[in-house]
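Scroll down for the structure; my scribbles are underneath it.
The values are calculated or read from the model by the stated rules, or taken from the named source; none is laboratory data. Predicted model, so just to flag it, every value in this text is computed and none were measured. Note that each Cβ is placed from the backbone with ideal geometry, even for glycine, and that neighbours are counted across all protein chains shown.
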Amino acid sequence: MSGSAPARKHAVIVGGGLGGLAVALRLQTSGWQTTVCEAGPTFGGKMNRWSKDGFHFDTGPSLITMPWVFRDTFAAAGGKLEEHVELKSLDPIAEYRFDDGTRFEYTSVLPDWLATLQRVAPSDQDGFFRFLELGAKLFAVSEATFFRRSPFERPAAGEWRTMKNMPLLQGWGNYQKTVERLFKSPHLRQLYGRYPTYVGSSPWRSPATLAVIPYIEFAFGGYAVTGGLYRIVEGLVALCRERGVELRNNAEVHRILRHNGAASGVELASGEKIAAGVVVMNGDCAATPELLGEPKPAPAHRSMSGFVQLYGLRKPLTGIHQHTVCFSANYQREFAQIFDEHRFPDDPTVYVNAPEPGDTLFIMANTPATDQTWDDARIAQARGRVFDRLRRAGFPDFRDDVVVSDVWTPTRIATQYRMPGGAIYGTDSHGWRNAFLRPRNENPRVPGLYHVGGSTHPGGGTPTVLMSADITARLIRQRHS
């Protein structure tokens with residue numbers, strides 16, 4: 001007897017961000033049929049691009065680490081990262097400018113960095129190596145456990161041996177207290193205190209386990225992408241199309257459908273319904289209840305948002321680094337205003353990305369994720385504080401050369417990416433529970449519903465988003481084999 005081939009299992013992904021594209025690609029190449037529904041006109045989510053009058057800007061991250069994670073994602077679908085993207089190692093990674101006029105370059109080349117330490121903080125060399133040793137231990141444990149599986153899964157037998165090496169006393173303490181114990185220099189305390197902001201959090205409230213972030217950047221380097229990081233998204237989109245993923249833009253999901261309590265598909269804002277055996281939410285996990293027709297949860301533990309300005313210039317700026325950080329005069333006060341007073345800081349730390357040839361600028365300051373509307377007056381006030389910090393840091397005044405400009409506020413981020421309050425990383429990483437028990441990759445209440453992206457495990461950042469896609473795809477294959 002002959003019969004028709006069994007129908008392929010179907011998964012629909014809500015959101016075409018980096019995690020959504022990656023999980024679709026992994027499922028598609030393992031025998032599933034996948035459909036990605038993206039509300040906006042372009043794919044990539046926060047890792048996107050804005051263009052005007054010949055100027056092109058990355059609107060999301062501007063630096064990546066752990067390049068092998070990107071290679072693994074492309075390789076899982078039979079592709080090669082290098083066929084789509086050219087990575088450039090950054091040396092130096094950034095220039096740091098402090099309120100007292102001190103400046104230095106930060107590099108992952110050890111002899112060069114030791115020479116800088118000898119100049120700016122000679123007594124902190126031993127503390128630096130101890131900090132690096134802590135990060136190395138944390139990375140070894142994370143790579144074998146946290147980066148590979150959900151914390152709600154049973155550990156493999158070999159993982160218990162690895163977890164014995166966890167530096168409990170140092171790793172579970174307070175991040176900033178750990179930094180201050182190891183470094184006496186106020187400049188190094190501020191520099192290394194910045195790293196929890198990579199996941200939208202305050203160094204004074206985060207666990208010391210986040211010391212793995214500066215270790216990864218120093219040990220493996222920071223990378224830019226020729227033509228901008230959006231080239232990574234373009235490469236994933238091209239590979240998705242080659243492998244048969246159905247990519248639908250301007251397809252906003254209005255509701256996640258259920259049948260007998262389990263996820264059964266989605267309904268678009270147009271009224272169209274798409275049936276599926278599995279639904280993967282690539283938006284902020286805090287938006288999931290609303291899509292299920294449940295009450296909107298009260299705001300809690302939101303990570304920071306960002307106030308972003310984009311400028312296209314008549315002529316390139318010279319004499320500046322691709323990445324420049326202009327620190328505030330009082331870092332602790334800045335975070336208190338963000339997380340305690342819930343307002344844009346009086347003196348913000350300002351990050352400037354000026355990719356070659358230097359005629360475009362991405363300028364960002366951290367700000368609370370808030371439901372308050374950013375009107376013209378609030379934008380003007382924040383812009384004034386940003387430019388005041390740039391001026392005090394000796395950054396060149398480029399305003400007379402601006403040809404095009406754009407501004408992104410928490411209000412715009414929240415609306416465009418369905419991120420409550422504009423929280424870029426979902427929940428904050430304050431305390432070990434928030435840092436390591438994020439919303440599950442597999443929804444515990446709705447069978448067949450999964451999460452992927454920065455708001456779920458293992459957290460924010462482009463490499464960890466791709467790790468979440470690997471974890472989520474594996475869980476789906478295990479549960480629905």
Conditions (1) in a helix (DSSP H, G or I); (2) of a type in the set (Ser, Thr, Tyr); (3) in the same structural domain as residue 249 (by TED's automatic domain parsing); number of the one not met by residue 450: (1)
Taking segment 119-129 and keeping only residues that are surrounded by fewer than 16 Cβ atoms within 10 Å (Cβ to Cβ) and closer than 11 Å to residue 182 by Cα, one is left with 123, 125, 126, 129
Selected residue (criterion: farthest from the chain's Cα centre (by Cα)) from residues of segment 204-246 that are surrounded by fewer than 20 Cβ atoms within 10 Å (Cβ to Cβ) and part of a strand (DSSP E or B): 246
Identify, please: which residue in segment 286-344 is among the polar types (S, T, N, Q) and assigned to a strand (DSSP E or B) and is, among those, farthest from residue 91 (Cα to Cα)? 305
Taking residue 255 as meeting all but one of (1) of a type in the set (Lys, Arg); (2) under 28 Å from the mean Cα position of the chain (by Cα); (3) under 30 Å from residue 351 (Cβ atoms), write down the number of the exception. (3)
Name the pairs: first residue in segment 79-96 and crowded, with 20+ Cβ neighbours inside 10 Å, second residue of a type in the set (Lys, Arg) and part of a strand (DSSP E or B), Cβ to Cβ under 8 Å, at least 6 apart or on different chains? 96/103
Of all residues being β-branched (Val, Ile, Thr) and not in a loop (DSSP other than H, G, I, E, B) in segment 54-73, which is farthest from residue 461 (Cα to Cα)? Just the residue, please. 73
Within segment 357-384, take every residue that is touching a strand residue (DSSP E or B) at 6+ places or on another chain (Cβ under 9 Å) and of a type in the set (D, E, K, R) and give me the one that is nearest to residue 414 (Cα to Cα). 383
From the list 264, 270, pick out the single residue that is part of a strand (DSSP E or B), assigned by TED's automatic domain parsing to the domain that holds residue 453, under 30 Å from residue 250 (Cα atoms) and more than 22 Å from the chain's Cα centre (by Cα). 264
Does at least one position in segment 390-410 carry a residue that is under 20 Å from residue 202 (Cβ atoms) and of a type in the set (A, V, I, L, M, F, W, C)? no
Out of everything in segment 1-29 that is among the polar types (S, T, N, Q) and modelled with pLDDT under 95, what residue ends up being nearest to residue 277 (Cα to Cα)? 4
